[in-house]
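The structure under discussion appears below in the form of structure tokens.
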Amino acid sequence: MQTLTVERKIGKQSVLLEKDIMLLSSATVAGPKEGLGPLSADFDRICSDNIIKEKSFERAECHMLEEACYLALGKAKLTPEDIDLFIAGDLLNQVVTASFCARKLAIPFLGIYGACSTFAEGLSLGAMLIEGGFAKHILTGTSSHNCSAERQYRYPTEYGFQRPGYAQWTATGAGAVVLGSGGEGPRVESITTGKVVDTGIKDPLALGTAMAGAAADTIYNHFRDLDRNPSYYNIILTGDLGGVGKKLNEDILAAKGYDIQANYADCGVLLYYPHQKAGPGASGCASSALVFLGHFYRKMMAKELRKVLLVATGALHSPTTVLQQESIPCIAHAVSLEI
Amino acid sequence: MFGQLILNIYVSLGVPQQEAGNPTVATVIFIAASLTAAGVFDNIAQLAGAGIAVPVTGFANSVTSMAMEFRREGLVTGTGSKMFALAGSIIVFGVVTAFVVGLISALI
Amino acid sequence: MGNYLTAFIVGGVICIIGQLLFDLTPLTPGHILTGFTIGGGILGGLGLYDRLIDFAGAGALLPISSFGNSLAKGAMSEAARTGVIGVLTGMFELTSTGITAAIIFGFIMALCFKPKG
């Protein structure tokens, strides 16, 4: 009987990976608004409109995720048969986008839900499973769509209500990654799995503020577990805190003794131009996926960035809990990547 | 403040028909429904806020937008059943208030 | 011309109250509009809303508060004619236009147009 001789768990909630598990390829499919943003040149495909000739917004979102998956497979020169596991999630009830996409791919499927932190959650799980020898190639992806999310979480898309200035804009798009060994790409070096943190925020339009606490908690524990400082990384990225949440995150960490201002950016803030009227920034699973896989992945492949800490954040509420006056618990997962 | 601007338009429509408030209301509802269908109501509302939500235009928009959005879930099970999801409380509480008010006036 | 001015001012004031409630309170649009409807109903019961309509025309007719007023008036006038049961039978008499129009036009728009998000 084989026994594992190396202890992977380090600290309270982190894992160090021994093997070379890389992001072998990545693909991004972005919505029209994202395609007009500052990172438009980084996306593999930009959709001309929100519905791309599908019958519903939900189908359009699924189409985007499927396309991202096939593009990622193509770039890695693999077919669905070569993939051992497909790990994916999205924002919709019962994680239908990922499930319907899995139907098409016909790969053994593990559906996950981490709200907007799904991208990091998928990367974490995929990397750990490959490290443990349970799979050789894993495809992971996530998607979100502004209209399908609004329709489910808030109001019908044509409803005329005045969005407050602090409300973020759910990004439309999908990102997919093939994980495996023996290739070129950023390596998953360590993972810090987040705990659920609830700071008592009840407003579903103030998600950046709600999630900042979880982000700070995970980043803090990552530094403590691995005995590192913010300066270890070229850049620290959060998924979708937006301008408001980003500042709050910086403040919380500063109070705990870690100053991240010098090398910290938020994917939600980077996705849109200020004139695109997205409030303090993007939110949604696609926020972290599009910005990291589109922009930062390229920078890492070009060796402009060598060590990146990606911290995707999610708000784990439902329309029901909000109406029932519950607060919004949040989570953040950190994945450290090196090349 | 923007409410004043929007209301001006409605006033010039409504005042000539002051004798008959009903056609006014129907016309305004039609306009609001059309703007919703055209996809511009929400853009105007972002600017106008309460100015377009408080008049019956807001009512028409909530009904129309729900009807349009849930068409995909069937005319009966989507449009039909979800149409008043947002406006329902206006009707419910309006009726409840009127019931109490009516009872009081009938009994005193 | 005086009609325009009073309608403008009264309608504007009602909407400004609504805007302040939107911006300064955590109440949803649904809460606020329901509140206006209830307000209209109570003012209608006191006979005050009709005076506002005489003064301001469309400025008082179009806000959702007039819906509450019409429900209350319908109930009250029918009760005056046929007794207490009139509260039930007469309520939707005056508001029929608004509700019917909203349903019909909403339905037609849903048949012909798709949401664009």
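Within region A:234-244, which residues are open to solvent by less than 10 Å² (accessible area, probe 1.4 Å), in contact with a Phe, Trp or Tyr (Cβ under 9 Å, 6 or more places away or on another chain) and of a type in the set (A, V, I, L, M, F, W, C)? Once the filter is applied, which keeps residues that are open to solvent by less than 10 Å² (accessible area, probe 1.4 Å), in contact with a Phe, Trp or Tyr (Cβ under 9 Å, 6 or more places away or on another chain) and of a type in the set (A, V, I, L, M, F, W, C), region A:234-244 yields A:I236, A:L237.
Results for (1) of a type outside the set (G, A, S); (2) within 8 Å of chain B (Cβ to nearest Cβ); (3) in contact with an Asp or Glu (Cβ under 9 Å, 6 or more places away or on another chain), shown as yes or no for each residue.
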{"position": "C:C15", "(1), (2), (3)": "yes, yes, no"}
{"position": "C:F36", "(1), (2), (3)": "yes, yes, no"}
{"position": "C:L94", "(1), (2), (3)": "yes, no, no"}
{"position": "C:A110", "(1), (2), (3)": "no, yes, yes"}
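Scanning region C:100-117 for residues that are assigned to a helix (DSSP H, G or I) and in contact with a Ser or Thr (Cβ under 6 Å, 6 or more places away or on another chain) gives C:G106, C:M109, C:A110. The single condition from (1) more than 8 Å from every other protein chain (Cβ to nearest Cβ); (2) more than 17 Å from B:F84 (Cβ to Cβ) that C:T28 fails is (2).
I need the full set of residues from region B:30-79 which are small (G, A, S), at the interface with another protein chain (Cβ under 7 Å from one of its Cβ atoms) and closer than 23 Å to C:I17 by Cβ, in order please. Once the filter is applied, which keeps residues that are small (G, A, S), at the interface with another protein chain (Cβ under 7 Å from one of its Cβ atoms) and closer than 23 Å to C:I17 by Cβ, region B:30-79 yields B:A45, B:G49, B:A50, B:G51, B:A53, B:G58, B:A60, B:S62.
Close contacts from region A:187-210, counting a first residue that is more than 18 Å from A:S318 (Cα to Cα) and open to solvent by less than 20 Å² (accessible area, probe 1.4 Å) and a second that is β-branched (V, I, T) and not in a loop (DSSP other than H, G, I, E, B), with Cβ to Cβ under 7 Å and a gap of 6+ residues or different chains, come to A:V188/A:V335; A:S190/A:V15; A:I191/A:V15; A:I191/A:V335; A:T192/A:T218; A:G194/A:T218; A:G194/A:I331. Taking region B:74-96 as the range and being over 18 Å from the mean Cα position of the chain (by Cα), at negative phi and at pLDDT below 90 as the test, the residues that pass are B:L75, B:V76, B:T77, B:G78. Could you list, in sequence order, the residues of region A:233-267 that are of a type in the set (F, W, Y) and touching a Leu at 6+ places or on another chain (Cβ under 7 Å)? Selection gives A:Y233 alone. Condition check: modelled with pLDDT of 85 or more, more than 13 Å from the chain's Cα centre (by Cα), over 25 Å from B:A85 (Cβ atoms) and not aliphatic (A, V, I, L, M). Does C:G47 satisfy that? Yes; evaluated as a whole, the condition is true for this residue.
Here region C:1-13 is the region considered, the condition is being open to solvent by less than 40 Å² (accessible area, probe 1.4 Å) and at the interface with chain B (Cβ under 8 Å from one of its Cβ atoms), and the residue that is modelled with the lowest pLDDT is C:A7.
Scanning region C:18-44 for residues that are modelled with pLDDT of 90 or more and among the hydroxyl-bearing types (S, T, Y) yields C:T34, C:T37. Scanning region A:221-233 for residues that are more than 24 Å from A:C285 (Cβ to Cβ), open to solvent by less than 60 Å² (accessible area, probe 1.4 Å) and in a helix (DSSP H, G or I) yields A:F223, A:D225, A:L226, A:P230.
The values are calculated or read from the model by the stated rules, or taken from the named source; none is laboratory data. Small disclaimer: the values here were computed from a predicted structure and weren't measured. Neighbour counts run over all protein chains shown; Cβ positions are idealised from the backbone, glycine included. Each accessible area value is taken on the protein alone, full model and side chains, heavy atoms only, with ligands, DNA and RNA left out. Shrake-Rupley method; radii C 1.70, N 1.55, O 1.52, S 1.80 Å.
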